[in-house]
Amino acid sequence: MDKTIIAHDPDEMEEIGIEIASDLEDGDLVSIVGPLGSGKTTLTKGIAKGLLITDVVVSPTYLLAREYRGRLSLHHIDAYRISTLAEFAEVGLDLYLPPEEGVTVVEWPERIDGLIEISDFLIRIDLLEGGPRRVDITKKGLRR
């Protein structure tokens, strides 16, 4: 699944997440790169819906990580306040790289050296003039 989609509103971002979720399997690591306010958490909400998670998904910025249960578990991590893989391990989040079960979605993966390179999916969100978002999805297929 390598594709580019233009999203015009939050509902379309969620729909993209639902589509991505249909391709996810146990052990997948998803990195979402994009500027502040680009829709990373909204996209993750769509992934959660696609994984049949009924809990309300919120940004884990201050908690660093949240976990949800559905068709697959979702480990939602915000790496904005983490700067190294060692620091990631210090707070116990290395267990999710890659996860033994479920899917890990990381916002701000570029802040941690090497994280994007080990991801199964890389999603880049760019803000376009006038408000739409360009969402580039790359399935890297490292373990398949």
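Within a Cβ distance under 13 Å of residue 107, other residues only, what is the Lys/Arg minus Asp/Glu net charge? Show your work: numbers first, answer last.
Numbers: positive: 40, 45, 66, 81, 111, 124; negative: 78, 110.
Value of the local net charge: +4.
Loop only by DSSP, 12 or fewer other Cβ within 10 Å of the Cβ. Give me the chymotrypsin sites (Phe, Trp or Tyr not before Pro) in segment 43-144 that pass, ordered by residue number.
Values: sites: 62, 68, 80, 88, 96, 121; in loops: 62, 80.
Those satisfying the criteria are 62.
If I fit a long axis through the Cα atoms of helix 40-50 and take the longest principal axis of the Cα atoms of the chain, what angle between them do I get, 0 to 90°, rounded to 10?
Once rounded, the angle reads 90 degrees.
Which angle from 0 to 90°, rounded to the nearest 10, does the C-alpha axis of helix 10-21 make with the longest principal axis of the chain?
On a 0 to 90 degree scale, this one is about 50.
Counting only DSSP beta bridges with both residues in the chain, tell me the antiparallel percent, nearest 5. Don't jump to the answer; show the numbers that get you there.
On the way: 16 of 29 bridges.
Rounded to the nearest five, the antiparallel share is 55 percent.
Among residues other than residue 21 whose Cβ falls under 12 Å from its Cβ, what is the net charge (Lys/Arg +1, Asp/Glu -1)?
Numbers: positive: 45, 49, 71; negative: 14, 15, 19, 23, 25, 28.
Combined, the nearby Lys, Arg, Asp and Glu give -3.
Using helices alone, what [θ] at 222 nm do you get for the chain, with -39,500 (n - 2.57) per DSSP H run of 4 or more residues, divided over all residues and rounded to the nearest 500?
After summing the helix terms and dividing by the residues of the chain, the value is -6000 deg cm²/dmol.
Which value, in debye to the nearest 20, describes the size of the charge dipole of the chain about its Cα centre when Lys and Arg Cβ atoms bear +1, Asp and Glu Cβ atoms bear -1, and nothing else is charged?
80
Using Cα springs under 10 Å in a Gaussian network model of the chain, which residue among 98, 109, 35 shows the largest mean-square fluctuation?
Comparing 98, 109, 35 in a Gaussian network model of the chain, the most mobile one is 35.
Please rank 40, 139, fewest neighbouring Cβ atoms within 10 Å first, as an exposure proxy.
Sorted ascending by nearby Cβ count, the order is 139, 40.
Using a Gaussian network model of the chain with C-alpha springs under 10 Å, which one of 92, 27, 50 is most mobile by mean-square fluctuation?
Evaluated over the chain, the most mobile residue of the options is 92.
Taking segment 1-58 on its own, what percent of its Cα-Cα pair distances exceed 17 Å? Walk me through the numbers before you get to the answer.
Details: 570 of 1653 pairs.
The proportion of pairs with Cα distances above 17 Å equals 34 percent.
For the chain, compute Rg over Rh where Rg is the Cα radius of gyration and Rh is the Kirkwood radius from the inverse mean 1/r over Cα pairs.
The Rg/Rh ratio comes out at 0.93.
Readers should treat all values here as calculations from the given coordinates under stated rules, not as data from a laboratory. Values in this document were obtained by computation on a predicted structure and should not be read as measured data. Glycine also receives a Cβ, built like all others from the backbone with ideal geometry; neighbour counts cover every protein chain displayed.
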